[in-house]
1. Using the crude model of +1 on Lys and Arg Cβ and -1 on Asp and Glu Cβ, and no other charge, please compute the dipole size for segment 81-204 relative to its Cα centre, in debye to 20.
2. Any idea what % of Cα-Cα pairs in the chain are farther than 23 Å?
3. Highest GNM mean-square fluctuation, the chain, Cα pairs closer than 10 Å: which of Asn126, Asn72, Asn113?
4. Once you place label points 7 Å from the Cα toward the Cβ at Arg96 and Ala71, how far apart are they in nm?
5. When only Cα pairs under 8 Å and 6 or more residues apart are kept, what is the percent relative contact order across segment 127-202?
6. Which of Val197, Val116, Val242, Val188 comes first, and how do the rest follow, when ranked by fewest Cβ neighbours within 10 Å?
7. Of His49, His260, His180, which has the largest mean-square fluctuation in a 10 Å C-alpha GNM of the chain?
8. Hey, what number do you get for the chain at 222 nm if only DSSP H runs of n ≥ 4 count, each worth -39500 (n - 2.57), divided across all residues, to the nearest 500?
Amino acid sequence: MVLAVLAVAAACGREGTPPPKGPNQRELPAYAVNAAADVADSPTWRAAHNRGRLVVGTKADQPYVAQQNPANGRYSGFDVEIAKMIAADLGFGPDRIEFKTIASANRETALQNGQVDYYAGTYTINDNRKKSVGFAGPYYMAGQSLLVRAGDTDIAGPDDLAGKKVCSVAGSTPYQRLQHDFPQVRLVGYDSYSVCVDNLISYQVDAVSTDDTILMGYAAKVPDQLRIAGRPFSREPYGIGVPRDDRAFRLAVDDAIERHQANGDWRRAYDATLGLSGVPAPEPPAVDRY
Ligand code: GLU
């Protein structure tokens with residue numbers, strides 16, 4: 001199943017479709033590393049500084065957002081760029097970041113166990129998650145949406161899903177919203193969205209539901225097979241997950257996000273990644289320090 005999705009993701013675009021390639025490395029900004037960075041009040045920063053590298057959790061199968069190239073192991077996408085901007089301000093160049101793939105359901109545990117220093121991967125800020133982790137940001141506002149097969153005209157929004165098989169990822173906010181607000185849906189849960197998309201293409205499910213950012217990437221790769229149905233029906237403010245009690249670290253990450261929004265890096269990174277799925281850059285949301 002996963003192989004089929006990789007094949008879809010690698011498929012070339014057709015005439016008149018958005019660029020089929022991954023993020024354009026040449027267009028990506030280089031982030032100046034702050035060699036004098038010192039967040040001595042932060043246990044997370046001190047540990048990373050002593051080990052000489054940062055460990056950052058992300059996704060591996062979300063085109064334009066966070067995707068790992070199976071050929072060379074490298075990660076790319078908007079959230080990966082956000083992670084690099086932050087790392088640069090914390091004193092770490094891209095060669096001193098180790099990315100780790102962590103599924104939606106395992107993010108809180110990974111942060112609580114110290115498996116990652118921070119997490120950048122379509123991670124919605126909410127009060128329930130704030131009981132176990134901290135959030136810097138938000139750095140982007142997404143919204144839950146629906147992906148269907150291009151020829152399907154039955155589904156135009158979540159109210160059309162009664163009795164339909166809909167796939168999402170266990171532990172994600174879109175999964176939880178369908179479960180609670182749309183109980184007539186026949187919900188199917190997997191560990192990652194690419195498996196859901198594979199199930200959609202092979203007629204195992206009728207729709208995939210998660211953030212528009214993620215779905216746009218899949219649709220842009222094979223626009224003759226997949227399309228987004230209707231409008232987003234939630235607000236998903238993306239945050240950087242950090243260890244809950246390391247306030248100094250969280251505020252340092254907030255500083256980095258604000259600085260890179262103000263200096264144009266955020267916008268340039270968007271245009272070279274998520275922007276390739278066809279949606280112009282929105283205004284970034286205001287950082288919310290708490
Ligand atoms: N933003 C949603 C969440 O944090 C869905 C995307 C994801 O699973 O990463 O649960």
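1. Values: 12 positive and 14 negative charges, 50 e Å.
Around 240 debye, computed over segment 81-204.
2. Details: 21708 of 41905 pairs.
That tail contains 52 percent of the Cα-Cα pairs.
3. Looking only at Asn126, Asn72, Asn113, the largest GNM fluctuation is found for Asn72.
4. Result: 3.0 nm between the two label points.
5. On the way: 61 pairs, mean separation 20.3, N = 76.
Relative contact order, segment 127-202: 27 percent.
6. Values: Val197 32, Val116 23, Val242 27, Val188 18.
By the 10 Å Cβ count, ascending: Val188, Val116, Val242, Val197.
7. Top of the fluctuation ranking is His180.
8. Numbers: 10 runs with 92 residues, N = 290.
Value at 222 nm, helices only: -9000 deg cm²/dmol.
Every number here is computed from the coordinates shown, using simple stated rules; none is lab data. Bear in mind the structure is a predicted one, so any value in this text is a computation, not a measurement. A quick note on method: Cβ atoms are made from the backbone with ideal geometry, for glycine too, and the neighbour counts reach across all protein chains shown.
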